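To start, the structure itself, in structure tokens.
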Amino acid sequence: MSAYNGHQMEREFSAQSLLSRGDTGTEMGSRYVVESGFYMTSFAVTIFIAALVTVGVLLVTLLVTLAVMWQSCENRSKGVVEIDKASDSYHYCKIFELHGQLNGLEATEVPPVCRSLVIQYIKGGEYAQDLNITMWMIESFFDTVSPSHDHLDVVLMDVDDILASDPCYSNQLMPQFNQYVCGKPIDCIERATCLKHLLILELYKKLQSRGWPLILLSRKPEKQQNVTIENLNSLGYNGWSSLIMRLDSEMEMDTREYFSRRRAAMKKENIEIIGVISSQMDALTGSSLGRRVFKLPNPLYYNFENQIESWRLSH
């Protein structure tokens, strides 16, 4: 066989091999040939693309989730900072109020932030909670003691805590507490004042029913005694042992000294003071205070009329 014939046979054999591969491709399905020799079926390509898409979606979802979590953490941390700031202001004002009352500071000396917190203290219900807790403490103490038969035991109560500055409270306060005062809907400031009077009256009657002699103290001049008695009776306060008001010679006297002198005079008469109840420090400091003193919460001590009126107008 010649060389020519050998080359011709080799080419025919190669052609037949290619044809046989083509026939196999027809039977097995289409294939994609890569230069490196790697090839994939159309089904495999579909699976590969779907996998890429799935991975992409998962990555995007992960990024979105991380972004949302980061934003949430940022908002929470911001909220914590704001709460901390509010808490700091609240505690600062509580301490300032205590020392302000101890030293008789005027309203103009109180920081503005504390004036606005007075409204929030009442509106948020904290004043009502403090008032209820204080009343519970007073009643718990008097559950453990009884009036003595050897000498006169008395309880002093601040009459100025009992009497309201608004005469509309005199007859309409009690029955209309939950709805109206003076024919108009009551706001949270008026409601807090009503609650204070209701609880003091309840305490007054409990002490009286247990046989405690009650002495009422006032900072007002004695010439207003008749009006004061009339107002007390209209509010349901009666049967007290004594009503002490300032003499003309005591009007220029500091209220702390005035209360201290009156208590010292009782002590000389062998009167035992078991408890003093007031919302103001001038009645709870000084000499001859007796066995216990009870401070009622008093958020309106400084009488922030401007802040309270502004709040009422905005609500």
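Values quoted throughout were computed directly from the atomic coordinates according to the rules given, and no laboratory measurement underlies them. The structure presented is a predicted model; accordingly, all values stated were derived computationally and were not measured. Glycine also receives a Cβ, built like all others from the backbone with ideal geometry; neighbour counts cover every protein chain displayed.
Here are some notes:
- Members of K94/K220; K223/K295; K94/K196; K196/K295; K123/K220 lying beyond 21 Å, as alpha-carbon distances in this model show: K94/K220; K223/K295; K123/K220
- Look at V293, V159, V60 and count the other Cβ atoms within 10 Å of each Cβ; fewest to most, that gives V60, V293, V159.
- Sites T144 and N233 - FRET efficiency at Förster radius 30 Å, r taken between beta-carbons, to 0.05: 0.45
- Highest mean packing first, where packing is the average number of other Cβ atoms within 10 Å per residue, the peptides 210-216, 227-233 line up as 210-216, 227-233.
- Region 210-260, Rg to Rh (Cα coordinates; Rh as Kirkwood inverse mean 1/r): 1.01
- Residue exposure sequence - L235, L201, L156 - by fewest surrounding Cβ within 10 Å: L201, L235, L156
- Estimated inter-spin distance, W136 and V55, nm [label 7 Å along Cα→Cβ]: 6.4 nm
- With R₀ fixed at 22 Å, the C-beta to C-beta distance from R256 to E222 puts the FRET efficiency at about 0.70.
- The fewest-to-most ranking of L105, L117 by surrounding Cβ atoms within 10 Å reads L105, L117.
- Between G104 and any residue 5 or more places off or on another chain, the built amide H atoms are never under 5 Å apart.
- Amide H contacts under 5 Å for L289: none, restricted to partners 5 or more places along the chain or on a different chain, H placed in the peptide plane at 1.01 Å from N.
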